[in-house]
Amino acid sequence: MTQFSTNSIHGGDHLKTHSDVITPIHITTTYSYSSNPDELVPGGLTDPKTLIYSRENHPNAAQIEAIVESLVGYPTVVYNSGLSAFNALMTHVNPKTLAIGDGYHGCQGIADIWKRNFGLKQIHILSDDEKEWQGVKEGDLVHLETPLNPYGTYYDITEFAQKAHARGAVLSVDATFAPPPLLDPFQFGADIVMHSATKFFGGHSDLLAGLLIVKTPEIKNKLLLDRLVLGSNIANLESALLVRSLRTFELRVARQAKSAATIVAFLSRHQDAFPVLERIHHGSLQDDEFIKAQYPNGHTPVFSIELTSADKAKSLPSKLRLFHHATSLGGAESLIEWRAMSDDHISKKLLRISVGLEDPRDLLEDLVTGLSQNSDIADLTSEIHKLSV
Ligand SMILES: Cc1ncc(COP(=O)(O)O)c(C=O)c1O
């Protein structure tokens, strides 16, 4: 059996129909039917594997699914965004009650549309009110986001799997912040795993995509049939970009994870040197028992900091040279976001940081300079230069 990084390059080779080393981009939206009248079977549209129309399927999307399947070992369906994947998840499970947390506001937005249109009941996933949990029944959905956006906080998947399964509900895990090989939610009881592939799978801030990873080919086929009529398949050109990205997947994620842990450890060790820095949020700072087993290959490359005031948080990005002040995460370039810009539920003192592929010493020096507010940082800078990365 070949290993992760080999699969990320060769996992779709068996689907290639040309000698191109890189799969060509099939820009066609429609495919010719057989020229043999005997092979023309009415209703072929319901077979998700037949190439008929690119809203249904196309070779570039199939390539992505094959590669991701070779990485995670489970049937995978690709979508045109992370939120399309969440909408597909909701459509497939069709819960009457949804347990969902604070996490990414877009998923909550979809849940609210379901509440408005179909009377979906919601409970907070962290609720310890047994009465509320009694409302979660067979066929309902418990949707856990871990690590949690924007903090990078970890939750114990096993605990929520037990909660969901004791009630006959499905556990889905949005693991966008900890892509493979950092976290495998299936090992801890997840039934469906979701990713915004716009982030680490894409890795270059130049495509939108989403993934649902499921346990059986039967569920995948149902999702493909839904995707056909929901019109949420990924486009051809984006697919080619995503296949390009997957070729460097492990290298990127491993480096970003290591750099983030280095930066967080340094800031945390020297927090006293930055009076403006009130709090650092990151899974690497938690000491819960479950973390070693759930994150054997490193920590999420995303963390958050809270400063002592909203004004200070708002102005920090403009003091940095190497971090773009922008939303999103997972790309080669580091980003910092005053999170209130895109999520008004989040503290105005909070900045979310996505660590990219730059040298972590340069990133640290930039952050330390921005946080130091003109105090002398010569000692800190010399320690940064001695870090082994
Ligand atoms: C945790 C999480 N889930 C889902 C999404 C939505 O993904 P997309 O922007 O690809 O629709 C995001 C986007 O930031 C996210 O951070």
Please tell me the relative contact order of region 12-93 in percent, rounded to the nearest whole number, where contacts are Cα pairs under 8 Å and at least six residues apart. 25 percent
Cβ under 12 Å from Thr369's Cβ, Thr369 left aside: what net charge do those residues give with Lys, Arg +1 and Asp, Glu -1? -2
Unit-weight point scatterers at every alpha-carbon of region 73-227, Debye formula, q = 0.08 1/Å: log10 I(q)/I(0) is -0.20
Under 23 Å between alpha carbons, and skipping anything fewer than 8 positions from Lys222 in its own chain: which lysines qualify? Lys49, Lys96, Lys137
Taking Cα centroids, how far is region 201-225 from region 227-258 in Å? 10 Å
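Please report the net charge: other residues with Cβ closer than 15 Å to the Cβ of Ser334, K and R +1, D and E -1.
Numbers: positive: Lys199, Arg252, Arg255, Lys258, Lys319, Arg321, Arg352, Arg361; negative: Glu333, Glu337, Glu358, Asp359, Asp362, Glu365, Asp366.
Here the count lands on +1.
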Potential extension, Asp128-Thr216 segment - 0.36 nm per residue separation minus Cα distance: 28.5 nm
How many nm is it between the label spots at Ser318 and Asp206, if each spot is 7 Å from the Cα in line with the beta carbon? 3.1 nm
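Over all distinct Cα pairs, what is the inverse of the mean 1/r for the chain, reported as the Kirkwood hydrodynamic radius in Å? Kindly include the intermediate steps, with their values, before the conclusion.
Details: mean 1/r = 0.0452 Å⁻¹.
Taking every pair of different Cα atoms in the chain, averaging 1/r and inverting gives 22.1 Å.
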So for region 328-389, taking the charge dipole from beta-carbon charges (+1 Lys/Arg, -1 Asp/Glu), which of Ser342, Gly356, Ser375 sits furthest toward the positive end? Ser342
Using +1 at the Cβ of each Lys and Arg and -1 at the Cβ of each Asp and Glu in the chain, identify which of Thr50, Asn7, Thr153 lies farthest towards the dipole's positive end. Thr50
With a cut-off of 8 Å between alpha carbons and a minimum separation of six or more residues, what is the relative contact order of the chain in percent? 16 percent
What is the dipole size for the chain, taken about its Cα centre, with +1 at each Lys and Arg Cβ and -1 at each Asp and Glu Cβ, in debye to the nearest 20? 400 debye
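What does the charge dipole of region 249-386 about its Cα centre add up to, to the nearest 20 debye, if the Cβ of each Lys and Arg holds +1 and the Cβ of each Asp and Glu holds -1?
Working: 16 positive and 20 negative charges, 36 e Å.
About 180 debye.
For region 4-246, with all protein chains present and a 1.4 Å probe, just round the carbon and sulfur fraction of the accessible area to a whole percent. If you can, show how the numbers build up before the last one.
On the way: 5870 of 10500 Å².
Carbon and sulfur together cover 56 percent of it.
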Just to confirm, what accessible area per residue do you get for the chain at 1.4 Å probe, in whole Å²? 45 Å²
Which residues qualify? For Asp174, with a placed amide H closer than 5 Å and at least 5 residues away or on another chain, they are Leu144, Glu145, Thr146, Met194
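The values are calculated or read from the model by the stated rules, or taken from the named source; none is laboratory data. Given the structure is predicted, the values throughout are model-derived calculations rather than measurements. Please note: Cβ atoms are built from the backbone with ideal geometry, for glycine as well, and neighbour counts cover all protein chains shown. These accessible areas exclude ligands, DNA and RNA; they are computed on the full protein's heavy atoms, side chains included. Shrake-Rupley method; radii C 1.70, N 1.55, O 1.52, S 1.80 Å.
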